[in-house]
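Asks: Structure provided below as structure tokens; questions to follow.
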Ligand code: BGC
């Protein structure tokens, strides 16, 4: 591996902290789970510290203090104004910066602080609660295995996006919000919506794909679900944090118009639908300035054009200078990783010296208070009582089932019929299902968590104190067990896939061979190319040559190339399928669930099809060296690039098979009739097969007055019995038809003819309709 994960964010555990722990127990050694001179001693110290810092719920909430700001009839803005006016300058400043609540570069944690992503003290005399922050969109994360409590892990963001279901995104967000509040947190660092511009980005699994409408809609619903639990959600990482390589040095170079039409549009949709209390600015630079010190991004776009009323927090250690205050950043997070705690003493001195107006500091604080009022953190008592893990297991399993994408099914090899002998090969399918690493890592409540014995943590390699942060975590729901449960133990046998010869022998012995293939991704690190690592392509090719009924189940954090595609009978993309992923996979393979996921990203044939075949900075060892990343695709992210260049990918955006068949038709399109609606479109979907199933109807723009142009305009997921027909109605947002005019500072819908088409994916377009629209301009 060329780089340590996380870059400079989480390099090592401080020796000073280590020494301060009980009786000289070496926390760093505990955390890395290796090189212990006295493992038993160390384990005891860790467990004592862990139970002392178990969950924030153990800490009594700050009691509210009577005052006019507690009048729920007043608007959140008014309540924030009233409360903020009571604060001293020191109290204000205290709310504007906070620590990464982990034993790193810190002289111990304040009492009552649990190990988690972040902590910012409140003002108890006025009833202002401390901000207790936890990651992330896929579940309540357990940073560095430092807390003993587990959580329900949702499938990867890409799996959520593959459901194309705003309802499931909402339910997932609500589930994470419920677990976070029951654990005592009031800020969730969840709501990731960066577009998949770079197929090799190590964090693609956290996000919702390559299309602004799909990603923005689902992120908005997830945020809504979370905040309905009375906890602040955080849309992130603002903006164009498209790669992890040199993430704290790279500048995304892109003109304003394409930026507005793509990445920023995804944020805009998410913020409009979800109204997140906070926005996290990203590590990278955008056209030069740091995203967290960008007047353009924070003041002009977010707070100016979009009138965003909440607060902007920095990513952890991403505050570059005090100038960020003036440029729109409201809170410095993970401050011990920054060069200086700019938002503490330097800010106070600048206010007292008149360089920064006191009114700006009040604005920063009001924004935080406003979000706490708007989401009900002040007014609604956090739920107590245990988490309903059973109900949440059903949610995560359903998301996985609906997000699994059937990519190939030659001769209807799937679903399996009973009585077959099945060889299950590779992917640690006997242990569990893979999950993505980094700050979003969830450890299962019913999993091994801190127990190293049963092999659910796989050491990927490398050295150093925090090396086990980069262990690959397998959620303990083994597909092998679920398959045995359906096919009968005697009909199933396992080969671990390490040796080609052994895998081939297993495949020859069976009616069906299922190869589980994994590609592990982690925050802080991109993948060098699109191949499956560790020789898995060779295993698949050899197994496919030995058994014509070979099925590949992929657990990947993004697209992979499939040099063996023609040789295998079936391919199932299961992503990282979450806490109940093993069961979800088996349910799809055996037909208890009819697959209905559709790709939220394009699968390229190989790197040569990517807009940037060479990933900027991947092999740069000095991760502080300033580099640029260019985006030749401009606003044509993902499938739009392939359409514009006439490239045929391996699998297009929107693609996904079913065990039944569907017909889409009856396309009607007309000019919109209400504000914010450019066009009204409807069409029907009919289940023409013999099984009940769900389909995702998609409608695309194919040409406009400016020429050919492909863009998703709307979609609808329908559940249909055999023979059943349903109508899908779509209201098209004018920004999807418009160009952004940076000079005039507005969206422009050109007058003329727009042709739209029904699609079962971005390449397979059916019926078309043309609509004539009048010119229209819209505010940014
Ligand atoms: C990540 C954020 C995360 C933060 C706190 C950073 O490394 O980029 O997504 O919320 O850490 O854990």
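What follows is calculated from the coordinates using simple rules that are stated; it is not laboratory data. Treat the numbers as computed from the prediction; the structure is a model and nothing was measured. Glycine gets a Cβ as well: all are built from the backbone with ideal geometry, and neighbour counts include every protein chain shown.
Asks: Taking square-rooted eigenvalues a ≥ b ≥ c of the alpha carbon gyration tensor, is the chain rounded, prolate or oblate, where a/c under 1.5 means rounded and, failing that, a/b exceeding b/c means prolate?
Replies: Since a/c reaches 1.5 but b/c is at least a/b, the shape of the chain is classed as oblate.
Asks: OK, next. For a quick check: sort 593, 515 by the number of other beta carbons within 10 angstrom, fewest at the front.
Replies: 593, 515
Asks: Helix-only estimate, please: 222 nm mean residue ellipticity of the chain, summing -39500 (n - 2.57) across DSSP H runs of length 4 or more and dividing by its residues, to the nearest 500.
Replies: Result for the chain: -7000 deg cm²/dmol, rounded to the nearest 500.
Asks: Taking other Cβ within 10 Å of each residue's Cβ, how do 236, 768 sort, fewest first?
Replies: Going from sparsest to densest Cβ surroundings: 768, 236.
Asks: Still on this structure: Which FRET efficiency value, to the nearest 0.05, do you get for residue 622 and residue 647 by plugging their Cβ-Cβ distance into 1/(1 + (r/R0)^6) with R0 = 35 Å?
Replies: After rounding to 0.05, the efficiency reads 0.55.
Asks: Which length gain, in nm to one decimal place, applies between residue 592 and residue 743 when the Cα-Cα distance is subtracted from 0.36 nm times their residue separation?
Replies: 48.8 nm
Asks: Taking every eigenvalue of the Cα gyration tensor of segment 404-593, multiplying by 5 and rooting it, what semi-axes result, largest first, whole Å?
Replies: Ellipsoid semi-axes (Å, largest first): 26, 18, 15.
Asks: Sequence gap at least 6, Cα distance under 8 Å: using those rules, report the relative contact order of the chain to the nearest whole percent.
Replies: 14
Asks: Something else now. Be a star and scan segment 716-755 for residues whose amide nitrogen sits under 15 Å from the point 7 Å along the Cα-to-Cβ vector of residue 692.
Replies: 718-725
Asks: Expressed as a whole number of Å, what is the distance separating the alpha-carbon centroids of segment 566-620 and segment 159-224?
Replies: For segment 159-224 versus segment 566-620, the Cα centre distance is 18 Å.
Asks: Just need the relative contact order of segment 134-238 here, percent rounded to a whole number, with Cα pairs under 8 Å and 6+ apart.
Replies: 35
Asks: Would you order 272, 261 from fewest to most other beta-carbon atoms within 10 Å of each residue's own beta-carbon?
Replies: Exposure proxy ranking, most exposed first: 272, 261.
Asks: With an 8 Å Cα cut-off and a minimum separation of 6 or more residues, compute the relative contact order for segment 521-599 in percent.
Replies: 25 percent.
Asks: Take the alpha-carbon centre of segment 93-114, take the same for segment 308-327, and report the distance between them in whole Å.
Replies: 18
Asks: For residue 345 and residue 86, calculate 0.36 nm times their separation in residues minus their Cα-Cα distance, and state this gained length in nm to one decimal.
Replies: Separation in residues times 0.36 nm, less the Cα-Cα distance, equals 91.2 nm.
Asks: Same structure again: At each listed q (0.14 Å⁻¹), what is the log10 of I(q)/I(0) that the Debye formula gives for segment 660-778 modelled as equal alpha-carbon point scatterers?
Replies: For segment 660-778, the Cα-only Debye profile gives -0.58.
Asks: OK, next. When DSSP assigns beta bridges and you keep just the ones with both residues in the chain, what percent turn out antiparallel, to the nearest 5?
Replies: 60
Asks: Follow-up. For segment 74-375, just say rounded, prolate or oblate: build the C-alpha gyration tensor, square-root its eigenvalues into a ≥ b ≥ c, call rounded for a/c under 1.5, and beyond that prolate if a/b exceeds b/c, oblate if not.
Replies: rounded
Asks: Starting from the Cα-Cα distance between residue 755 and residue 381, subtract it from 0.36 nm times their residue separation and give me the gain in nm to one decimal.
Replies: Fully extending the segment from residue 755 to residue 381 adds 129.5 nm.
Asks: Using a ≥ b ≥ c from the Cα gyration tensor of segment 534-610 (square roots of the eigenvalues), is it rounded, prolate or oblate, where a/c under 1.5 gives rounded and otherwise the larger of a/b and b/c decides, a/b for prolate?
Replies: Since a/c reaches 1.5 but b/c is at least a/b, the shape of segment 534-610 is classed as oblate.
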